[in-house]
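See below for the structure under consideration.
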Amino acid sequence: QKEVEQNSGPLSVPEGAIASLNCTYSDRGSQSFFWYRQYSGKSPELIMFIYSNGDKEDGRFTAQLNKASQYVSLLIRDSQPSDSATYLCAVKGDILTGGGNKLTFGTGTQLKVEL
Amino acid sequence: EAGVAQSPRYKIIEKRQSVAFWCNPISGHATLYWYQQILGQGPKLLIQFQNNGVVDDSQLPKDRFSAERLKGVDSTLKIQPAKLEDSAVYLCASSYGTGSSYEQYFGPGTRLTVT
């Protein structure tokens, strides 16, 4: 079982729609969760992070975390063509619980926002 | 604020040759990371430094890869000898510290092609 799993996509949504990106992780000791955006040929850039169960909103982006289900998602409202990119889910463990302190990435979901 | 600098941006070598990559982190960032990103995959941590000490090198293929950060600032990653499967983008990232609240900033990467 992969440590962090994402559907590789592509996920196609029309402009203005809500894009929903999902991620599951295997290590129950994971403590913090990150979403990175990576444009083709570019390096990853952090969009959001979340530590606690529930929702966290930042502009058009909402991160959702359910530790019991080991599930984290990213919602992008009012999707724009400029949101077309690969979205990487990353998980960090807790060194105190043996989860390590390194960031483990999923393979990414390619999002295409169509006009 | 200057970002993470990496050089070269592109490198093409033949298998069994050696290659070295250089990274200069953001000023004041104590933690430096080297990631390998193979096409279609998420970044995989190779090695993490805290100042000039190694925090995690569990996924570094030590028979051919080496890295150093002698003065706690710049870092070099070396591959000797290179294999075809080493073709990837090598990303350097830095953060102020190792805690979950510290964002990792990525450099532009070095794209290595091994022929």
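Those strands (runs of 3 or more DSSP E) of the stretch A:1-54 in which 3 or more residues are under 14 Å from A:A90 (Cα atoms) occupy A:19-25, A:32-38, A:45-50.
For (1) within 11 Å of chain B (Cβ to nearest Cβ); (2) under 18 Å from B:Y102 (Cα atoms); (3) surrounded by fewer than 17 Cβ atoms within 10 Å (Cβ to Cβ), each residue gets a yes or a no:
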| position | (1), (2), (3) |
| --- | --- |
| A:N7 | no, no, yes |
| A:V13 | no, no, no |
| A:C23 | yes, no, no |
| A:D27 | no, no, no |
| A:G41 | yes, no, yes |
| A:S69 | no, no, yes |
| A:L74 | no, no, no |
| A:S79 | no, no, no |
| A:C89 | yes, yes, no |
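Quick one: would you say A:R37 is touching a helix residue (DSSP H, G or I) at 6+ places or on another chain (Cβ under 9 Å) and either modelled with pLDDT of 95 or more or among the charged types (D, E, K, R) (or both)? Spelling it out, A:R37 is indeed touching a helix residue (DSSP H, G or I) at 6+ places or on another chain (Cβ under 9 Å) and either modelled with pLDDT of 95 or more or among the charged types (D, E, K, R) (or both). Check the stretch B:47-69 and report whether any residue there is within 14 Å of another protein chain (Cβ to nearest Cβ), of a type in the set (D, E, K, R) and either surrounded by 17 or more Cβ atoms within 10 Å (Cβ to Cβ) or in a loop (DSSP other than H, G, I, E, B) (or both). Yes, because at least one residue in the stretch B:47-69 is within 14 Å of another protein chain (Cβ to nearest Cβ), of a type in the set (D, E, K, R) and either surrounded by 17 or more Cβ atoms within 10 Å (Cβ to Cβ) or in a loop (DSSP other than H, G, I, E, B) (or both).
Any idea which residue in the stretch A:91-109 is modelled with the lowest pLDDT, counting only those that are more than 10 Å from every other protein chain (Cβ to nearest Cβ) and within 20 Å of A:A63 (Cβ to Cβ)? Ranking the qualifying residues of the stretch A:91-109, first place goes to A:G99.
Are any residues in the stretch B:22-46 closer than 15 Å to B:S94 by Cα and outside any strand (DSSP E or B), and if so, which ones? Residues satisfying the conditions are B:P25, B:I26, B:S27, B:G28, B:H29, B:A30, B:P43. Filtering the stretch B:22-44 to residues that are within 14 Å of chain A (Cβ to nearest Cβ) and within 21 Å of B:K71 (Cα to Cα) leaves B:C23, B:P25, B:I26, B:A30, B:T31, B:L32, B:Y33, B:W34, B:Y35.
The values are calculated or read from the model by the stated rules, or taken from the named source; none is laboratory data. Values in this document were obtained by computation on a predicted structure and should not be read as measured data. Neighbour counts are summed over all protein chains in view; Cβ atoms, including those assigned to glycine, are modelled from backbone coordinates with ideal geometry.
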